[in-house]
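The values are calculated or read from the model by the stated rules, or taken from the named source; none is laboratory data. What you see is a predicted model, and the numbers here were worked out from it, not measured in a lab. Note that each Cβ is placed from the backbone with ideal geometry, even for glycine, and that neighbours are counted across all protein chains shown. SASA here: full protein model, heavy atoms, side chains in, ligands and nucleic acids out. Shrake-Rupley method; radii C 1.70, N 1.55, O 1.52, S 1.80 Å.
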Amino acid sequence: MKTFSSLFNIHKKGKFGDFENKNEKNLLKIEELSNLLIFQLVKFKSSNFEVKKIKIDNLNLPDPLKSSSNSSTRILWMGPDNWLVISSDLNLLKQEEKKFDDKNFALTDISHSRTIIEIEGNLTDEVIKKGCPLDINDLKQGDCANSVYNGMSIVIDFISDDPKKVRIFSLRSFGESLHHSITDACLEYGYIGN
Amino acid sequence: MLNIKCPYCGDRAQKEFAYGGDGTVKRPELNKEVSNKEWDDFVYMRKSLRGKHIELWHHISGCRQWFRAQRDTATHEIFKTAKISEEI
Ligand SMILES: [Zn+2]
């Protein structure tokens, strides 16, 4: 079966906005990420299971408002006893699901229900500020946050500080709107669609 | 913009929250005979206080948790927020 990424017909490659006479290094870079495994892990309220004992892809479950990551997998804190796992290893869920018995945990594959847009560049914070009320100066690599962007519920994963890079997740059905909002916010700085 | 301190996430903008109404209303006891009046009071009847009020809020575009807040309905000042399991 052929699958299409959510921005397949929307995201365009090339240079856009006010990019002329600007150093290419300073332009924002926008990319859609697809072909990732995404699953949600929830520990039931009635469970006393000690989550510190568990690792996924050798990563601990992160503390509130934090992420933990290695080269293939990122785990984001979503709320109390609730995490989102994103991995380029598409077999990860199959390998790890034995660790989570269904008396204590719910594991849900939501790989096809999200749109992910990665933004890179010195002006990334400015783009986020245009639509999102988070106090962005305090958020650094290793942090993650649920919030809103122009009214859409999003998750922001702060990937790195140098170069500045973040990933924004929305529901797939909001992907086109989010892409439009983000690229519109980028126009005055100029951006490269990758 | 009004900032609300989620007990799980800290200070966040009001945009991320949904208002959940009076935080002091108690459901009639389970499996007990309930009169129409009691049920009516529980479902519909609310005071509209001026001053300090205990409210439910939902961090719907955040950690998705419900919590209680003590807010002044005249000044919008929020004095305190607490998890549902905690006293306020
Ligand atoms: Zn919260």
Legend entry - Average accessible surface area per residue within region A:113-186, 1.4 Å rolling probe, Å²: 39
Inset, instruction - Over the whole of B:64-72, what's the average partner chain Cβ count within 10 Å per residue? Rounded to a whole number, please. - result: 1
Legend entry - Between A and B, accessible area buried - total, square angstrom, nearest 100, 1.4 angstrom probe: 900
Legend entry - Rg ratio (alpha-carbon, reference 2.2 N^0.38 Å) - region A:1-43: 1.76
Inset, instruction - Would you mind getting me the FRET efficiency between B:Val25 and A:Ser46? Use the beta-carbon distance for r and R0 = 22 Å, nearest 0.05. - result: 0.30
Legend entry - Part-to-part distance (alpha-carbon centres) for region B:1-46 and region A:51-87, which is given in Å: 32
Inset, instruction - Evaluate the Kirkwood expression for the hydrodynamic radius of the protein assembly as shown, namely the inverse of the mean inverse distance over all pairs of different C-alpha atoms, and round to one decimal in Å. - result: 21.2
Inset, instruction - Starting from the Cα of A:Asp184, step 7 Å along the direction of its Cβ; do the same at A:Leu33; then give the gap between the two resulting points in nm. - result: 2.5
Inset, instruction - Give the calculated FRET efficiency between B:Ser35 and A:Asn150 to the nearest 0.05, with a Förster radius of 41 Å applied to their Cβ-Cβ distance. - result: 0.30
Legend entry - DSSP beta bridges in chain A [antiparallel fraction, %, rounded to 5]: 95
Inset, instruction - Keeping all protein chains in place, calculate the accessible area per residue for region A:37-111 (probe 1.4 angstrom), answer in Å². - result: 54
Inset, instruction - Determine the calculated [θ] at 222 nm for chain A from helices alone, applying -39500 (n - 2.57) to every DSSP H run no shorter than 4 residues and normalising by the residue count; nearest 500 deg cm²/dmol. - result: -3000 deg cm²/dmol
Inset, instruction - Could you work out how far apart the two model spin labels at A:Asp109 and B:Ile84 are, taking each label as a point 7 Å from the Cα in the direction of the beta carbon, and quote it in nm? - result: 3.1
Legend entry - With all protein chains modelled, accessible area of B:Arg27 [1.4 Å, Å²]: 130
Inset, instruction - Count charges around B:Lys26 for me, please; just the other residues with Cβ under 12 Å from its Cβ, Lys/Arg as +1, Asp/Glu as -1. - result: -3
Inset, instruction - Quick one: angle between helix A:175-186 and the longest Cα principal axis of chain A, in degrees between 0 and 90, rounded to 10, please. - result: 40
Inset, instruction - Kindly point out, ordered by number, any Cys in the protein assembly as shown whose beta-carbon has no other cysteine beta-carbon under 4.7 Å away. - result: A:Cys132, A:Cys144, A:Cys186, B:Cys63
Legend entry - Principal axis dimensions, region A:37-111 - Cα atoms, whole angstrom, descending: 32, 25, 21
Legend entry - Whole-number accessible area per residue in Å² for chain B, which is evaluated in the context of all protein chains at 1.4 Å: 69
Legend entry - Segments B:33-41, B:80-88 sorted - mean Cβ within 10 Å per residue, highest first: B:80-88, B:33-41
Inset, instruction - Enter the per residue convex hull volume of region B:3-83, computed from alpha-carbon coordinates, in Å³ rounded to the nearest integer. - result: 101
Inset, instruction - Keeping the other protein chains in place, figure out the carbon and sulfur percent of the accessible area of the protein assembly as shown, with a 1.4 Å probe. - result: 47
Legend entry - Minimum 50 Å² accessible area buried by the other protein chains, region A:61-97 residues, probe 1.4 Å, relative to alone: A:Leu65, A:Pro80
Legend entry - In nm, spacing of pseudo-spin labels at B:Ala18 and A:Asp161 (7 Å Cα→C-beta vector): 3.6
Legend entry - Point-charge dipole on Cβ atoms (K/R +1, D/E -1) for region A:37-111, about Cα centre, debye to 20: 180
